[in-house]
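Undergrad: Sharing a structure with you now.
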Amino acid sequence: MPELPEVDSYRTGLAKPLIGLEANGGKALWHRASDSNFNLVKGQKIFGLDRRGKYLIINLNTHHIIIHLRMTGRIDITKGETPKYTTVEINFTDGQKLCLVDYRKFGRVWIVKNINKIVGHIGIEPLSKQFTSNKFEEMLEKRTGMMKPLLLNQQFIAGIGNYLADEILFRSSIHPMRKANTLTKVEKKQLHRDIRYIIKKSISYGGTTFLTFRGPEGKKGDFWKQLKIFRKTGEPCPHCKKPVTRIIVGQRSTHICENKQKII
Ligand SMILES: [Zn+2]
C-alpha cells in the first residue's frame, strides 16, 4: 500500500510532466471514486504539487485536486487509450490525461478550494521542522495505547503505514504492543530519530514496490530491497539471526524480532 515515500515520489516525479498543463475537466469511471464536479477545474493550470500524509495534492489556479491511492492505486499520465482499471481521469487541453488506475477501486479523488476540508484532520508531518524530539515526547505523554497502532494513526502522525511502522519499530528495538506511556526518554529519542531515518531512506530509494505501485513514469521503488523485517517471516533477523515472527497487532499483520523487540 502506498505510504508517505511512495506518494512523495509522485509529488516530485509528476511535477515535470504536470506543471503548466491546463485542465479540461474529467470524470469518475467508477462512481464511488469521486463525487466532485470536474468542470470546476476546466481552464485552470497546474502550478505545483504538494503532499500531506498519504494524500497527493495538485494545485491549480483556484482549486486543488487531491488524490488518495489507498490500497492499489497508481497514477498514469497518458495520451493514448485509458488504461484498464482506471477509476478517475482528468483531461488536459493538450490531449494528455491523468488516470487513477486502481484495480481494487479504493482510491479517491476530490476537487476542492480549501484543502483542509480533506486533509485538515491529519497529524504532524514527520519530516517537518515542527516534528522535533521534544515535540514527539510531548505527543507521546498523553497516549496510553500500543505503539504500532499509534504510529499508524494518521491524526497522530502523517504518512506512516504498515511497512514503515514495522521497519521503524524494529530499528528502535520497540515491541509494537508496547504502551506509548511506558517508553523511556532514551527510547522516545531513538524512535524520533528512526521515524525520520526510515522515511527519508525509503524516499531516497523511491519508496517500495508492493502490489501495483509504480512511481511516476512506471519507475519502481527500490526500498523493498532494504527492508529488514517487513514480510520476512521465518527469515533470520539481520541482527541476531533469530527467525522473524509474524504477529497481529490492531488487526494488522506485523513483523518483529522477539529477541530485539521485547514487550517489557
Ligand atoms: Zn533479532
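Undergrad: For residues in the range 86-107 being outside any strand (DSSP E or B) and over 30 Å from TYR197 (Cβ atoms), which is modelled with the lowest pLDDT?
TA: Taking the candidates together, the pick is TYR103.
Undergrad: While we're on this one: Which condition number in (1) surrounded by 15 or more Cβ atoms within 10 Å (Cβ to Cβ); (2) basic (Lys, Arg); (3) farther than 20 Å from ILE256 by Cβ is the one that LYS117 fails?
TA: (1)
Undergrad: Please work out which one of (1) closer than 29 Å to ARG231 by Cα; (2) of a type in the set (S, T, N, Q); (3) surrounded by fewer than 22 Cβ atoms within 10 Å (Cβ to Cβ) is the condition GLN44 fails and give its number.
TA: (1)
Undergrad: A further question on this structure: What are the pairs, 6+ residues apart or on separate chains, where a residue within the range 194-209 that is assigned by TED's automatic domain parsing to the domain that holds GLY53 and under 18 Å from LEU69 (Cα atoms) has its Cβ under 8 Å from a residue that is surrounded by fewer than 18 Cβ atoms within 10 Å (Cβ to Cβ) and aliphatic (A, V, I, L, M)?
TA: From the range 194-209, no pairs qualify.
Undergrad: Turning to a different aspect of this structure: Considering only residues that are part of a strand (DSSP E or B) and crowded, with 19+ Cβ neighbours inside 10 Å, which ones fall in the range 60-85?
TA: Within the range 60-85, LEU60, HIS64, ILE65, ILE66, ILE67, HIS68, ARG74, ILE75 meet the criteria.
Undergrad: Something else now. Specify the residue that is farthest from PHE38 (Cα to Cα); the eligible residues are those in the range 108-160 that are assigned to a loop (DSSP other than H, G, I, E, B) and among the hydrophobic types (A, V, I, L, M, F, W, C).
TA: Looking at the filtered set, the residue picked out is PHE131.
Undergrad: Here's a check for you: in the range 242-264, which residue that is of a type in the set (A, V, I, L, M, F, W, C), surrounded by 14 or more Cβ atoms within 10 Å (Cβ to Cβ) and part of a strand (DSSP E or B) is nearest to the ligand (Cβ to nearest atom)?
TA: Looking at residues that are of a type in the set (A, V, I, L, M, F, W, C), surrounded by 14 or more Cβ atoms within 10 Å (Cβ to Cβ) and part of a strand (DSSP E or B), I get ILE256.
Undergrad: In the range 181-206, how many are more than 17 Å from THR132 (Cα to Cα) and in a helix (DSSP H, G or I)?
TA: Qualifying residue count, the range 181-206: 6.
The values are calculated or read from the model by the stated rules, or taken from the named source; none is laboratory data. This one's a predicted model, so the numbers in the text were calculated from it and none came from an experiment. So basically every Cβ, Gly included, is an ideal-geometry build from the backbone, and we count neighbours across all protein chains shown.
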